[in-house]
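The values are calculated or read from the model by the stated rules, or taken from the named source; none is laboratory data. Being a predicted model, the structure only gives us computed values, none of them experimental. Neighbour counts run over all protein chains shown; Cβ positions are idealised from the backbone, glycine included.
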Amino acid sequence: ENNNLDSVENTLRNGIASYIDCEAKFWSNIDQKGRYGSLTGTPFDIDKNGHTRKFVGVRRDITEMIETQETLKKEMKRAQQADKLKSTFVANMSHEIRTPLNAIVGFSNLLPNEEDSELKKEYTKLINTSSDMLLRLINDILDLSKIEAGIIEMATEKFDMSQCFIRTISSLKKMEHKDVPLITDNPYSKCVVVSDKNRISQIIVNFVTNAIKYTPYGHISASYAYEEEGIKIMVSDTGIGIPTEKQQLIFQRFEKLDDFAQGTGLGLSICKAITDNCGGKIGFRSEYKKGSTFWAWIPCPLKEPVELF
Ligand code: ADP
């Protein structure tokens, strides 16, 4: 499999007096697989015509060394990609922080001097949504360090999932676009479970904010149910969808498919870290230009029988 080897064979067969040094892949009959070898030799017995009669040399199996080199190359490429993603993340971050911060500083300066009550309401709303955005961003970054250290904490508290859903959705309602309604389905008036309500709420918030970001028209629906001894959250949208070839990327840290969209690329990787941490599952179905459905399942015991609406 190597030109070097051909010239070495030539050298050996024709007795050409030259030094041999080559590396080649060869088939090993012993372990029935391709292995790498290095061959180094020097003429040892040369006749009067200058032809080599004997060579002395060493043949070494360098398979492990070559395989280690290949692994190192792959690791280096991965590290370079991760480094590039981190740099993009830092660049995105400064934009992501500055945008809501500018809105908070700008509108709170205008607020005291504004006479018009409608405008006052509008400024207050903008300050509120921008502070929410900033807070979420800071929480995501703090969570990221926990993910990197492999410690995502999950509380074990008794709470009513029905109330948690109502509260989470009402905090999201203010982000809803008027022509893309957020339709919700809360199947239970009471659903008492033991899990971490903030983490479950965080997953709903991430799914819904993504759906809002990537759905220019149509509608978004959010629901949950107690299924197979756990809470299953589902958020569907009629948005831009995710091209098939990019679908395997989206749970990776810092991964953003659209550089111009708002976001840090952390939300879904945090959701995945949460579900992984508690033995749950996460997934999605998406069709490019048609929409997506994101779901997560968190195993948790039910403390009382559910009560339907
Ligand atoms: P981001 O902060 O960029 O939204 P996420 O980790 O939440 O980061 O999502 C990663 C990427 O997955 C997004 O940048 C987007 O390209 C894609 N994505 C997530 N949710 C949706 C959705 N509902 N519709 C279309 N694309 C989505």
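From (1) in contact with a helix residue (DSSP H, G or I) (Cβ under 9 Å, 6 or more places away or on another chain); (2) buried (at least 17 other Cβ atoms within 10 Å of the Cβ); (3) of a type outside the set (Val, Ile, Thr), pick out the condition that doesn't hold for Leu257.
(2)
Each row is one residue, and each column tells you yes or no for (1) aromatic (Phe, Trp, Tyr); (2) within 19 Å of Ala225 (Cα to Cα).
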{"site": "Asn102", "(1), (2)": "no, no"}
{"site": "Pro112", "(1), (2)": "no, no"}
{"site": "Leu142", "(1), (2)": "no, no"}
{"site": "Glu153", "(1), (2)": "no, no"}
{"site": "Lys158", "(1), (2)": "no, yes"}
{"site": "Thr168", "(1), (2)": "no, yes"}
{"site": "Glu176", "(1), (2)": "no, no"}
{"site": "Tyr188", "(1), (2)": "yes, yes"}
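Condition (residue is hydroxyl-bearing (Ser, Thr, Tyr), surrounded by 19 or more Cβ atoms within 10 Å (Cβ to Cβ) and within 16 Å of the ligand (Cβ to nearest atom)) applied to the range 211-226: is it met by at least one residue?
Filtering the range 211-226 down to residues hydroxyl-bearing (Ser, Thr, Tyr) leaves 214-215, 217, 221, 223-224, 226.
With the extra rule that they be surrounded by 19 or more Cβ atoms within 10 Å (Cβ to Cβ), the set shrinks to 214-215, 224.
Now drop any that are not within 16 Å of the ligand (Cβ to nearest atom), which leaves 214-215.
Yes, because at least one residue in the range 211-226 is hydroxyl-bearing (Ser, Thr, Tyr), surrounded by 19 or more Cβ atoms within 10 Å (Cβ to Cβ) and within 16 Å of the ligand (Cβ to nearest atom).
Look through Ala103, Ala82, Ala91 and report the one residue that is among the small types (Gly, Ala, Ser), part of a helix (DSSP H, G or I) and in contact with a Ser or Thr (Cβ under 6 Å, 6 or more places away or on another chain). Quick ask: steps written out before the conclusion?
Values: Ala82 fails: in contact with a Ser or Thr (Cβ under 6 Å, 6 or more places away or on another chain); Ala91 fails: in contact with a Ser or Thr (Cβ under 6 Å, 6 or more places away or on another chain).
Answer to the check: Ala103.
What is the one condition in (1) within 29 Å of Cys191 (Cβ to Cβ); (2) near the ligand (Cβ under 10 Å from one of its atoms) that Arg253 does not satisfy?
(1)
Report those strands (runs of 3 or more DSSP E) wholly inside the range 124-201 carrying at least 2 residues which are surrounded by 14 or more Cβ atoms within 10 Å (Cβ to Cβ) and touching a residue at least 60 places away in the same chain (Cβ under 8 Å).
Working: elements: 157-160, 182-185, 188-190, 192-195.
Answer list for the range 124-201: 188-190, 192-195.
Take the range 113-168 and flag every residue that is over 30 Å from Val90 (Cα atoms) and either among the charged types (D, E, K, R) or within 16 Å of the ligand (Cβ to nearest atom) (or both). Spell out how you get there, then give the answer.
Step one: list which residues in the range 113-168 are over 30 Å from Val90 (Cα atoms), which gives 113-122, 155-167.
Within the range 113-168, Glu114, Glu115, Asp116, Glu118, Lys120, Lys121, Glu122, Glu157, Lys158, Asp160, Arg167 qualify.
Have a look at Gln262, Gln248, Gln252 and point out the one that is of a type in the set (S, T, N, Q), more than 15 Å from the chain's Cα centre (by Cα) and at pLDDT below 95. Lay out the reasoning, then the answer.
Working: Gln248 fails: more than 15 Å from the chain's Cα centre (by Cα); Gln252 fails: more than 15 Å from the chain's Cα centre (by Cα).
Residue meeting the stated conditions: Gln262.
With the checklist (1) surrounded by 21 or more Cβ atoms within 10 Å (Cβ to Cβ); (2) touching a residue at least 60 places away in the same chain (Cβ under 8 Å) in hand, flag the one item Lys232 doesn't pass.
Checking Lys232 against (1) surrounded by 21 or more Cβ atoms within 10 Å (Cβ to Cβ); (2) touching a residue at least 60 places away in the same chain (Cβ under 8 Å), the one that fails is (1).
If you check every pair at least six apart or on different chains, which have Cβ atoms under 7 Å apart with a residue in the range 6-17 that is on the phi > 0 side of the Ramachandran plot first and a residue that is basic (Lys, Arg) second?
Gly15/Arg53
Taking the condition among the basic types (Lys, Arg) and either over 17 Å from Leu137 (Cα atoms) or assigned to a loop (DSSP other than H, G, I, E, B) (or both), does Lys120 pass?
Working: among the basic types (Lys, Arg): yes; either over 17 Å from Leu137 (Cα atoms) or assigned to a loop (DSSP other than H, G, I, E, B) (or both): yes.
Taking the combined requirement at face value, the residue satisfies it.
Condition first: away from the ligand (no atom under 11 Å from the Cβ), in contact with a strand residue (DSSP E or B) (Cβ under 7 Å, 6 or more places away or on another chain) and outside any strand (DSSP E or B). Now tell me which residues in the range 229-249 satisfy that.
Glu229
Only residues in the range 275-299 that are farther than 13 Å from Ile233 by Cβ and within 11 Å of the ligand (Cβ to nearest atom) count as the first member; pair them with residues that are in a strand (DSSP E or B) and of a type in the set (Asp, Glu), Cβ under 8 angstrom, at least 6 apart or cross-chain, and list the lot.
Gly291/Asp237; Ser292/Asp237
Quick one: would you say Thr209 is β-branched (Val, Ile, Thr), within 29 Å of Ile242 (Cα to Cα) and assigned to a loop (DSSP other than H, G, I, E, B)? Even if it seems obvious, please write down each step before you answer.
Values: β-branched (Val, Ile, Thr): yes; within 29 Å of Ile242 (Cα to Cα): yes; assigned to a loop (DSSP other than H, G, I, E, B): no.
It is false that Thr209 is β-branched (Val, Ile, Thr), within 29 Å of Ile242 (Cα to Cα) and assigned to a loop (DSSP other than H, G, I, E, B).
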